[in-house]
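Participant: My questions all concern the structure below.
The values are calculated or read from the model by the stated rules, or taken from the named source; none is laboratory data. Predicted model, so just to flag it, every value in this text is computed and none were measured. Cβ: placed from backbone, ideal geometry, glycine included. Neighbour counts: every protein chain shown. Just the protein is used for accessible areas: all its heavy atoms, side chains included, with ligands, DNA and RNA removed. Shrake-Rupley method; radii C 1.70, N 1.55, O 1.52, S 1.80 Å.
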Amino acid sequence: ISQHFTRSELECPCCHSLLVDGRLVSLLEEIRGIFNTPIYVNSCFRCEKHNEEVGGVKQTETESGSAHLYGRAADIRQDKISNKRFHDEILMRYIAARNNKTNELELLGGLGEYDNFIHVDVVRAADNHLRMWKK
């Protein structure tokens, strides 16, 4: 798929289908470059069945559901620094880039902190703010 990410890392683990937004792949490559360390993908594209099995946000008639359903999100980790620091470093780089009006991490739309991984996605809020959460 790209220099550092393979199809098998990004595809649905239950059915091996793949739908991935090119912006997400670019974002993953950028994060890898910033930290200069391998980035491991826990979850990227999920079919509806797998998304339900892992407790992902469901798609309804009025809501589009998890960004994973459209290949616009990835749950990632790395082994260089703590997960909290990994999350915080991405956030600090994003804020610094906005303040300095650079394009670093400009594709980042959502950033979630979990115990063993962080969630990144390329889904923009209507007002273009960074969507953030912690679980």
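Participant: Provide a single number: the residues in the range 106-129 that are part of a loop (DSSP other than H, G, I, E, B) and open to solvent by less than 10 Å² (accessible area, probe 1.4 Å).
Facilitator: 3
Participant: Continuing with the same structure: Considering only residues that are in a loop (DSSP other than H, G, I, E, B) and in contact with an Asp or Glu (Cβ under 9 Å, 6 or more places away or on another chain), look in the range 83-105 and name the one that is surrounded by the most Cβ atoms within 10 Å (Cβ to Cβ).
Facilitator: So the residue we want is Leu105.
Participant: Filter the helices (runs of 4 or more DSSP H) completely within the range 1-72 down to those with at least 1 residues that are under 30 Å from Ala97 (Cβ atoms) and either open to solvent by less than 80 Å² (accessible area, probe 1.4 Å) or not hydrophobic (A, V, I, L, M, F, W, C) (or both).
Facilitator: 7-10, 22-35
Participant: Kindly indicate whether any position in the range 45-58 is closer than 25 Å to Met132 by Cβ, of a type outside the set (A, V, I, L, M, F, W, C) and under 11 Å from the mean Cα position of the chain (by Cα).
Facilitator: no
Participant: Another question about this same structure. So the check is Cβ under 7 Å with 6+ separation or different chains; which pairs have a first residue in the range 1-20 that's free of Cβ contacts under 8 Å to residues at least 12 places away in the same chain and a second one that's surrounded by 13 or more Cβ atoms within 10 Å (Cβ to Cβ)?
Facilitator: Arg7/Ile1; Arg7/Leu18
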